[in-house]
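Trainee: Sharing a structure with you now.
The values are calculated or read from the model by the stated rules, or taken from the named source; none is laboratory data. As the structure is a computational prediction, the values presented were derived from the model and not from experiment. Methodologically, a virtual Cβ is constructed for each residue, glycine included, from the backbone with ideal geometry; neighbour enumeration extends over all protein chains shown. Note: areas computed on protein heavy atoms with side chains; ligands, DNA, RNA excluded. Shrake-Rupley method; radii C 1.70, N 1.55, O 1.52, S 1.80 Å.
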Amino acid sequence: MWYLPWINRRVAEGKTKDNTRKAYLICWRNIVAPEWSNVPLDSVKPERVQRWFLTLSTGNASHAIVVLRRIFDFAVQYELVESNKFRLTYEMPTRKKSVRTTDTYDLQQANAVFERVHGALVEAPYILACFGSARSGEALGVRASEVSLVQSHGMQLATVPIVRRMEKEGDTPMPDGDLKNPQSVRTIVIPEPYGTRLYEIAQTKICDGIEWLADRGDGLPFNVMSLKYAWIAEIEEDAIPFANLRNSWRTFAQYDWGIDFDTLEFLMGHIPPGVSGKHYLRPTVENLVNAVAKAMVQSQVT
């Protein structure tokens, strides 16, 4: 009744960033509301508040206390309660050192997830990352019109230029060419059936007038954080960090598909080691397509 119109006004007046407003609303919906939305304002007890804060992560607690303090400021201002129990001093959770899991999918697991995400919003970025080497942000910056289908060694493969990326937050990609490093600008090659499915998704989006391959449902691409939440919601307990899909691809592309080391390095946006990699090897997209297709065909025969 009071908080939402207030923060909307602040955004309109340029006093609060819209991304900040969105973060606070998400915090209310996912963190605060399940615990407090049905509790009368005058029934909040500090002991319960303290216990609850210690169940939260550091980030969630810091957002939650900002939202709740302002909501209760309104309650005090309009004389619904005499004091703001969230203005008391509480022990807050301490930040734990982040340890990134090294879990990856093997080819069988990757194929199972490929079937599972069919038709989901995360399907296209999943294919780009897990079967094409794209980094998380890179998997979100591809236009549907940029996906092509080619043939080599009797196989169909998708080619996708990687020229832009989404950041952790925001609604639009970084400028073209602004990637991790200059060699990250590249074309990736995705074999069938993953590449043909990606091309099918791209053609459907073009027909529907949708620009971005990783469209989040409203005409804009996912950013890295929103993709993270959508990915976990879709895969649930079987989800590995989305960033680890690139590691998964690198492993099974070499050991299951048999793609040669130098080709994999170029597909990843790396410079192969040694003098030749740095100064002499300059593969074309056709070279990369043929190398991937040849290895795939040979792996299927063996």
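Trainee: Quick one: P40 ticks every box in (1) surrounded by 14 or more Cβ atoms within 10 Å (Cβ to Cβ); (2) under 17 Å from W2 (Cβ atoms) bar one, so which box is it?
Mentor: Unmet for P40, out of (1) surrounded by 14 or more Cβ atoms within 10 Å (Cβ to Cβ); (2) under 17 Å from W2 (Cβ atoms): (1).
Trainee: Which of (1) under 22 Å from G119 (Cβ atoms); (2) in contact with a strand residue (DSSP E or B) (Cβ under 7 Å, 6 or more places away or on another chain); (3) not β-branched (V, I, T) does G217 not meet, given it meets every other one?
Mentor: Result: G217 fails condition (2) only.
Trainee: Hey, any hits in the stretch 199-217 for a residue that's out of contact with any Asp or Glu (no Cβ under 9 Å at 6 or more places or on another chain) and closer than 30 Å to K278 by Cβ?
Mentor: Checked against the condition, which is being out of contact with any Asp or Glu (no Cβ under 9 Å at 6 or more places or on another chain) and closer than 30 Å to K278 by Cβ, the stretch 199-217 yields no hits at all.
Trainee: Sort out which residues of the stretch 117-133 are closer than 14 Å to A158 by Cα and touching a Lys or Arg at 6+ places or on another chain (Cβ under 7 Å), and write them in order of number.
Mentor: Once the filter is applied, which keeps residues that are closer than 14 Å to A158 by Cα and touching a Lys or Arg at 6+ places or on another chain (Cβ under 7 Å), the stretch 117-133 yields I127, A129, S133.
Trainee: May I ask you to list pairs of residues, at least six apart or on different chains, whose Cβ atoms are under 8 Å apart, with the first in the stretch 201-224 being hydroxyl-bearing (S, T, Y) and the second being open to solvent by less than 70 Å² (accessible area, probe 1.4 Å)?
Mentor: As it stands, the answer is none, since no pair meets every condition given.
Trainee: Could you list, in sequence order, the residues of the stretch 260-269 that are assigned to a loop (DSSP other than H, G, I, E, B) and either in contact with a Ser or Thr (Cβ under 9 Å, 6 or more places away or on another chain) or among the hydroxyl-bearing types (S, T, Y) (or both)?
Mentor: Going residue by residue through the stretch 260-269, those that are assigned to a loop (DSSP other than H, G, I, E, B) are 260, 269.
Once the filter is applied, which keeps residues that are assigned to a loop (DSSP other than H, G, I, E, B) and either in contact with a Ser or Thr (Cβ under 9 Å, 6 or more places away or on another chain) or among the hydroxyl-bearing types (S, T, Y) (or both), the stretch 260-269 yields only G269.
Trainee: Still on this structure, please answer the following. What single numbered condition from (1) free of Cβ contacts under 8 Å to residues at least 12 places away in the same chain; (2) open to solvent by less than 40 Å² (accessible area, probe 1.4 Å) fails to hold for R282?
Mentor: (2)
Trainee: Being surrounded by fewer than 18 Cβ atoms within 10 Å (Cβ to Cβ) and of a type outside the set (G, A, S) is the filter; apply it to the stretch 229-246 and report the residue that is farthest from L128 (Cα to Cα). Walk me through it before giving the result.
Mentor: To start, the set of residues in the stretch 229-246 that are surrounded by fewer than 18 Cβ atoms within 10 Å (Cβ to Cβ) comprises 229, 232-239, 241, 243.
Next, from what is left, pick out any that are of a type outside the set (G, A, S): 229, 232, 234-238, 241.
Working: Y229: 18, I232: 17, E234: 17, I235: 17, E236: 20, E237: 22, D238: 19, P241: 15 Å.
Applying the filter and picking the extreme gives E237.
Trainee: Checking S145 against (1) closer than 23 Å to N244 by Cβ; (2) over 17 Å from the mean Cα position of the chain (by Cα); (3) among the hydroxyl-bearing types (S, T, Y), which single condition isn't satisfied?
Mentor: (1)
Trainee: Further, regarding this structure: Looking at R165, R135, which is the one that is within 15 Å of the chain's Cα centre (by Cα), more than 19 Å from I232 (Cβ to Cβ) and touching a residue at least 24 places away in the same chain (Cβ under 8 Å)? Full working, then the answer.
Mentor: On the way: R135 fails: more than 19 Å from I232 (Cβ to Cβ).
Testing whether each residue is within 15 Å of the chain's Cα centre (by Cα), more than 19 Å from I232 (Cβ to Cβ) and touching a residue at least 24 places away in the same chain (Cβ under 8 Å) leaves just R165.
Trainee: Just to be sure, is W28 closer than 30 Å to D238 by Cβ, of a type in the set (F, W, Y) and open to solvent by 70 Å² or more (accessible area, probe 1.4 Å)? Give the derivation first.
Mentor: Working: closer than 30 Å to D238 by Cβ: yes; of a type in the set (F, W, Y): yes; open to solvent by 70 Å² or more (accessible area, probe 1.4 Å): yes.
Yes: the conditions hold for W28.
Trainee: Let me ask something else about it. In contact with a helix residue (DSSP H, G or I) (Cβ under 8 Å, 6 or more places away or on another chain), open to solvent by 20 Å² or more (accessible area, probe 1.4 Å) and either part of a loop (DSSP other than H, G, I, E, B) or polar (S, T, N, Q) (or both): does that describe Q254? Explain how you work it out, then say what you get.
Mentor: Working: in contact with a helix residue (DSSP H, G or I) (Cβ under 8 Å, 6 or more places away or on another chain): yes; open to solvent by 20 Å² or more (accessible area, probe 1.4 Å): yes; either part of a loop (DSSP other than H, G, I, E, B) or polar (S, T, N, Q) (or both): yes.
Yes: the conditions hold for Q254.
Trainee: List the helices (runs of 4 or more DSSP H) that sit entirely inside the stretch 1-87 and contain at least 3 residues that are in contact with a Cys (Cβ under 9 Å, 6 or more places away or on another chain) and in contact (Cβ under 8 Å) with a residue 12 or more places away in the chain. Please lay out each step first, then the result.
Mentor: On the way: elements: 3-12, 18-27, 33-36, 46-53, 58-77.
Counting at least 3 such residues, we get 58-77.
Trainee: How many residues does the stretch 206-236 contain that are part of a strand (DSSP E or B) and touching a Phe, Trp or Tyr at 6+ places or on another chain (Cβ under 6 Å)? Explain how you work it out, then say what you get.
Mentor: Step one: filter the stretch 206-236 for residues part of a strand (DSSP E or B), giving 212, 215, 221.
Checking which are touching a Phe, Trp or Tyr at 6+ places or on another chain (Cβ under 6 Å) leaves us with 221.
Residues flagged as part of a strand (DSSP E or B) and touching a Phe, Trp or Tyr at 6+ places or on another chain (Cβ under 6 Å) within the stretch 206-236 amount to 1.
Trainee: Here's something else I'd like to know. Confirm whether E265 is more than 16 Å from the chain's Cα centre (by Cα), of a type in the set (D, E, K, R) and open to solvent by less than 70 Å² (accessible area, probe 1.4 Å). Explain how you work it out, then say what you get.
Mentor: Working: more than 16 Å from the chain's Cα centre (by Cα): yes; of a type in the set (D, E, K, R): yes; open to solvent by less than 70 Å² (accessible area, probe 1.4 Å): yes.
When the stated conditions are applied, E265 passes them.
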